[in-house]
Amino acid sequence: MTQTDSRDLELLAQLKRARGEIAAQIGRRIVGQHEVVDNLISAILAGGHVLLVGVPGLAKTLLIQTVSEALDMEFSRIQFTPDLMPSDITGTELLEEDHGTGKRAFTFARGPVFGNIVLSDEINRAPPKTQAALLQAMQEKTVTVAGKTYTLPDPFFVLATQNPIEQEGTYHLPEAQLDRFMYELRIGYPTVEEEEAIVSQTTGVKNDAIKPVMSADTLREMQRLVRRMPAPPSLVSYAVGLARATRPHEAGASPTVKKYVSFGAGPRAGQNLVLGAKSRAAMDGRSVPDLEDVDAVAFSVLRHRVVLNFQAEAEGMGIEKILQLGGRAKAR
């Protein structure tokens with residue numbers, strides 16, 4: 001074993017411990033939602049953005065705030081509204097006067113997108129022009145204002161929330177922007193036991209201070225470790241097969257996909273399936289991902305990248321059911 005291999009094994013063990021510590025800190029405020037928490041940590045380790053979808057009152061915003069505290073990074077929040085302009089996110093140039101010389105010059109005032117973890121609350125309330133500004137930040141990790149390009153902090157994550165039931169004053173997220181999110185995570189209602197625990201914890205004296213577990217420097221090192229992990233050719237082939245099986249015009253697409261899907265997932269889906277599998281393996285302290293790791297992230301990676309047709313909507317066919325009946329089975 002080389003010195004580098006030995007260091008990577010140490011980092012894997014450290015990452016596994018950190019995953020448990022982060023989950024424990026989140027558990028001080030968030031009851032249940034263990035799969036959502038695991039996938040959120042997985043995306044952060046892989047350097048991906050996350051879209052959290054759920055009805056109001058399910059602690060989506062609180063979850064993201066808690067994650068930022070546990071990771072000890074710069075946190076900023078953008079509350080999206082229909083009148084939000086791109087400069088409200090990216091920042092703007094201000095004309096300032098030097099009182100000593102009397103000279104005036106433009107200086108750039110950074111917007112809230114300049115953070116390590118950016119909470120984009122109710123992202124579907126933003127108008128298209130503002131969503132386009134965020135799109136550049138998510139993909140390029142830069143913003144351009146008045147012809148000048150500014151680099152965003154590293155690491156940089158957009159963790160967005162979306163209310164699936166409220167339609168007034170909302171805008172449909174473009175498929176191009178949805179494709180930039182590594183995962184779409186669905187937050188459901190808690191169980192009876194979990195809801196009773198939530199009510200008990202939130203109606204008494206609070207003692208839910210969060211202890212920072214990981215710094216930005218440590219996270220960057222963990223992200224590089226995940227990237228260095230090998231992906232066996234069989235795993236890459238399986239991930240690509242999953243993505244291609246969602247495309248109705250592929251020769252091997254299932255009858256279900258051909259009947260209900262207009263457009264399938266693009267190449268980013270395969271990339272994120274492999275990255276997600278790597279990060280899931282690293283979270284368990286394993287140096288090589290397997291097919292079960294791909295399966296664990298498949299729905300989160302694919303559900304927002306598949307566009308259903310009118311027939312699917314008319315027959316009440318949900319995306320998870322179509323993927324289970326069609327895409328995943330065909331990829332095997």
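Readers should treat all values here as calculations from the given coordinates under stated rules, not as data from a laboratory. No experiment lies behind these values; they were computed from the predicted model shown. Glycine also receives a Cβ, built like all others from the backbone with ideal geometry; neighbour counts cover every protein chain displayed.
Table for the structure above
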| read-out | value |
| --- | --- |
| Note, ³J(HN,Hα) from phi for region 147-154, Karplus 6.51, -1.76, 1.60, rounded to Hz, x at Gly and Pro | x, 10, 9, 10, 7, 7, x, 10 |
| HN-Hα J in Hz across region 309-321 - Karplus 6.51, -1.76, 1.60, θ = phi - 60°, x for Gly and Pro | 8, 5, 4, 4, 5, 5, 8, x, 8, x, 5, 5, 5 |
| Region 10-154 shape via C-alpha gyration tensor axes, a/c threshold 1.5 | prolate |
| Sites excluded, GluC sites (Glu not before Pro) in DSSP loops with at most 10 other C-beta within 10 Å, longest stretch of the chain | 1-167 |
| Rounded, prolate or oblate (a/c below 1.5 giving rounded, otherwise prolate when a/b exceeds b/c) for region 188-234 by Cα gyration tensor | oblate |
| Amide proton proximity set for F263, modelled H, under 5 Å, gap of 5+ | V307 |
| Under Karplus coefficients 6.51, -1.76 and 1.60, residue-wise ³J(HN,Hα) of region 244-250 in Hz, glycine/proline x | 5, 6, 8, 9, x, 8, 6 |
| Over the chain, relative contact order from alpha-carbon pairs under 8 Å, at least 6 apart, % | 22 percent |
| Inter-site label distance for E250 and A109 at 7 Å from Cα along Cβ, in nm | 5.0 nm |
| Ascending count of other beta-carbon atoms within 10 Å, so fewest first, for D154, D217 | D217, D154 |
| Taking M222, M214 and counting other C-beta atoms within 10 Å, the order from fewest to most | M214, M222 |
| Net charge over other residues, Cβ less than 12 angstrom from the Cβ of S215 (K, R count +1; D, E count -1) | -3 |
| DSSP-loop trypsin sites (Lys or Arg not before Pro) across region 73-135, with at most 11 other Cβ within 10 angstrom | K103 |
| Prolate/oblate/rounded label for region 169-300 (Cα gyration tensor, a/c 1.5) | oblate |
| Residue order, fewest to most beta carbons within 10 Å, for L275, L178 | L178, L275 |
| Distance in nm between pseudo-label sites at L95 and D208 (7 Å out along the Cβ direction from Cα) | 4.8 nm |
| Test item: Cα-centred dipole of the chain, Lys/Arg +1 and Asp/Glu -1 on Cβ, debye | 980 debye |
